[in-house]
């Protein structure tokens with residue numbers, strides 16, 4: 001292993017099992033849905049239009065949505081991108097003690 005690769009591995013924080021296998025994949029699912037928004041909307045529209053028979057009538061939309069999501073889930077660059085985003089959020093939380101969902105809330109203008 002080269003010295004540069006060893007240095008990069010030493011700098012990168014060690015991920016816990018739950019981070020690598022649960023939290024980062026959760027972020028990947030959220031971001032993949034955003035990237036496949038058009039297919040998500042098409043599937044949702046089909047389901048709303050067909051009701052009970054959606055299992056049979058929305059196969060094409062479901063297949064297109066699954067293909068789009070799977071393409072992102074299997075992309076190592078997308079995993080790395082989501083991992084870096086997760087690490088930034090984790091670092092920000094450790095620095096401020098405020099979770100991302102709470103950071104985006106607006107503060108009252110008067111007290």
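Here segment 79-96 and segment 48-68 have alpha carbon centers that stand 35 Å from each other. According to the square roots a ≥ b ≥ c of the eigenvalues of the Cα gyration tensor, what is the shape class of segment 16-94, taking rounded for a/c under 1.5, prolate for a/b larger than b/c otherwise, and oblate for the remainder? It comes out prolate by the Cα gyration axes.
Neighbour counts of C-beta atoms inside 10 Å place 54, 28, 71 in the sequence 71, 54, 28, starting with the fewest.
Between residue 21 and residue 49, what length in nm is gained on full extension when 0.36 nm per residue of separation is reduced by their alpha carbon distance?
Values: separation 28, 0.36 × 28 = 10.08 nm, distance 3.58 nm.
Fully extending the segment from residue 21 to residue 49 adds 6.5 nm.
No value in this document is a laboratory result; all are computed from the given coordinates. As the structure is a computational prediction, the values presented were derived from the model and not from experiment. FYI the Cβ positions are ideal-geometry reconstructions off the backbone, even for glycines, and counts take in every protein chain you see.
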